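The values are calculated or read from the model by the stated rules, or taken from the named source; none is laboratory data. Just so it is clear, the structure is predicted and the values come from calculations on it, not from any experiment. So basically every Cβ, Gly included, is an ideal-geometry build from the backbone, and we count neighbours across all protein chains shown. Only protein heavy atoms, including side chains, enter the accessible area calculation; ligands, DNA and RNA are left aside. Shrake-Rupley method; radii C 1.70, N 1.55, O 1.52, S 1.80 Å.
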Amino acid sequence: MPSHFTLLDAPTKYLFFTGKGGVGKTSVSTSVSIALADSGKKVLLVSTDAASNLGEMLGIELSNQPVAVPGAPGMSVLNIDPDAAAQSYRSRVVEQMGPQASAEDVSTVREQLSGACTTEIATFDEFSNLLSRGGAAYDHVVFDTAPTGHTLRLLSLPKAWSGFLNGNDRGASCLGPHSGLKMQEQLFNQALASLNNAALTTIVLVARPDAGALNEAARSSDELRELGLSNQRLVVNAVFKASGDDPIAKAIEALGQKAVNEIPMQLRSMTVDMIPLRAVDSVGLAALRGLLSPLPTEVSKVVVHESRFDHRKLSELVAKLAKGERGLIMVMGKGGVGKTTIAAAIALGLVKSGKSVHLSTTDPAAHLAVTLNGEVPGLSVGRIDPKAETQKYVDKIVAAKSPGMTPAEKDLLIEDLRSPCTEEVAVFHAFSHVVSQARSSFVVLDTAPTGHSLLLMDATGAYHRQMVREFEGKGSGRIVTPLMRLQDADYTKIILVTLPEETPVSQAAALQDDLRRAKIEPFAWVLNKSLMATDTQDPLLHARLEGERKQIERVRKYATHEVFMVPWAAQPPVGVAAVEALLNSTPQ
């Protein structure tokens with residue numbers, strides 16, 4: 001394992017950290033930012049994740065304006081807040097209309113700017129500004145991005161919007177008047193130029209020594225190259241080396257070594273940095289500075305206090321769910337906590353109970369078919385594919401509106417539908433369709449990581465408010481929106497999945513709060529990959545157990561519903577048999 005973190009040798013102006021959820025993007029990007037600041041550079045660390053945990057890691061309150069980091073002179077942190085960005089964007093667009101605009105015109109534009117599309121373009125607007133004017137005051141701008149699927153969407157937007165605006169004198173109907181977009185065209189083009197300039201921008205693919213994470217890094221690498229982002233390198237985080245002959249430790253080391261030895265071809269030519277697994281979570285400046293240290297972690301024997309935690313098997317959760325005849329089961333949580341695996345296990349358990357089940361995902365980077373790797377009678381597997389859903393939506397709108405249109409009018413309609421925000425609308429429509437399927441059967445939905453899911457929930461709420469306004473005074477009691485189905489505890493069961501680590505537990509608790517504000521009550525928590533359920537005596541793993549015990553106690557405090565535990569497994573849960581085995585895995 002290299003003793004020197006080579007990324008710090010000649011960093012570019014812009015550093016983008018991306019990868020599968022749970023691989024440690026935030027920890028690594030923050031540690032790199034601190035190291036650059038410690039070397040005398042002026043650094044801005046930016047989170048593009050709506051569910052960022054940067055504030056918790058650094059012990060500060062995040063803002064959509066740069067905030068200095070105490071103890072790290074020269075370093076500031078900024079969180080792109082989607083709601084604040086959207087409000088600022090609306091104000092700028094309305095201001096562009098000028099004093100001559102009528103109250104009716106202003107009201108129409110405000111209505112156009114009330115949807116999820118505006119939130120996306122406003123977030124992208126802030127992002128573009130940082131890639132041009134906003135980053136001028138810093139030596140380095142480091143982006144801690146949302147998990148892969150959401151990040152690929154964000155990084156594709158400069159090219160998509162630049163292409164849409166080129167020669168377009170109309171704008172996009174979902175984003176207000178043409179002036180609101182056209183005034184930003186130069187900014188979008190500058191953002192695209194910065195991203196495609198290898199001398200300015202480096203893409204850092206972060207993975208763990210895990211086949212799934214490395215394969216996703218390889219897929220991301222291909223997609224990013226297609227977008228023109230060719231300056232890429234790889235960081236493999238949390239590489240574990242066993243001490244002695246502890247069988248659990250040896251199994252973990254062997255799995256990691258096998259994944260690294262079989263690294264996908266796309267990644268083999270890249271410069272690679274390896275970061276060892278540390279004894280403590282990367283929270284606080286001391287731990288973050290220690291993450292990139294070439295020195296091994298010093299561990300001492302700790303006494304792990306027994307945790308009196310009333311945990312239950314996953315099969316018991318399935319038995320409770322199977323008491324119904326149909327319903328929507330949404331599996332939610334931070335990226336990397338194992339949502340896809342847990343969703344697949346629940347679906348298989350329901351099928352074994354004699355239920356007909358549709359298993360789907362809203363995650364652009366999820367691969368349910370890979371997890372199951374086989375067909376199961378009674379189980380259908382699908383995926384909300386953004387590109388496919390967008391084409392389906394465009395075809396539907398054109399077919400419905402084009403009859404009677406002149407060729408010129410049809411061309412204008414198609415041009416409007418080329419707007420990148422059409423994808424957000426199409427995905428929401430597909431999500432609504434999946435939700436409605438649960439009226440007659442079980443639907444298990446593996447959701448995208450927290451931040452992306454919250455944006456989808458925002459779209460659900462916006463659609464609900466629009467429908468209520470449109471039907472006000474016209475028998476609105478007859479409408480049933482997707483949000484109303486999610487709020488119906490008999491119809492929808494929300495399963496929160498977390499790991500026994502500080503950040504995933506905090507994000508699961510925050511997600512629970514967000515859901516409750518939307519009047520959606522979780523049904524249960526699942527604590528996944530528990531080492532507490534093993535009898536490991538490896539010094540490093542044993543040192544991590546006390547931290548796990550504390551997190552289990554936090555889960556017990558936050559979870560007002562039942563908690564189910566899944567122990568760490570020596571073999572990756574891939575394939576029907578392995579996923580099914582999780583149902584009855586019992587803590588030792």
Q | Accessible surface, per residue, of the range 505-560 when the full set of protein chains is kept, probe 1.4 Å, Å² | A | 40 Å²
Q | Point-to-point label distance, Lys41-Asp222, nm (Cα→Cβ direction, 7 Å offset) | A | 3.2 nm
Q) In percent, what relative contact order does the range 485-588 have, based on Cα pairs under 8 Å that are 6 or more apart in sequence? A) 30 percent
**Q.** Cross-link partners of Lys13 among lysines (Cα-Cα below 17 Å; sequence separation of 8 or more within a chain)
**A.** Lys41, Lys42
(Q) Debye calculation, C-alpha points only, no solvent: report log10 I(q)/I(0) for the range 32-76 at q = 0.18, 0.34 Å⁻¹, in the same order as the q values. (A) -0.50, -1.36
Q: Rounded to the nearest 0.05, what FRET efficiency do Ser441 and Asn584 give with R0 = 22 Å and r taken as the Cβ-Cβ distance? Could you check?
A: 0.35
(Q) If you count only protein heavy atoms with a 1.4 Å probe, what accessible area per residue comes out for the range 234-287, rounded to a whole Å²? (A) 48 Å²
Q: Could you please report the charge total around Leu583, scoring K, R as +1 and D, E as -1 over all other residues with beta-carbon less than 12 angstrom from its beta-carbon?
A: +1
Q: Could you calculate the FRET efficiency of Thr406 with His433 from 1/(1 + (r/R0)^6), where r is the beta carbon distance between them and R0 is 30 Å, rounded to 0.05?
A: 0.40
Q: Would you please give the FRET efficiency between Glu521 and Lys323, computed as 1/(1 + (r/R0)^6) with r the Cβ-Cβ distance and R0 = 25 Å, to the nearest 0.05?
A: 0.90
Q. Roughly what would the spin-label model give for Met274 and Ser91, points 7 Å off Cα along C-beta, in nm?
A. 5.1 nm
Q: Compare the peptides 251-263, 345-357, 392-404 by average per-residue count of other Cβ atoms within 10 angstrom and give them in order, highest first.
A: 345-357, 251-263, 392-404
Q) For the range 6-87, what % of the accessible area comes from carbon and sulfur atoms, probe 1.4 Å? A) 48 percent
Q. What is the gain in length, in nm to one decimal, between Met265 and Lys352 on full extension, counting 0.36 nm per residue of separation less the C-alpha to C-alpha distance?
A. 27.5 nm
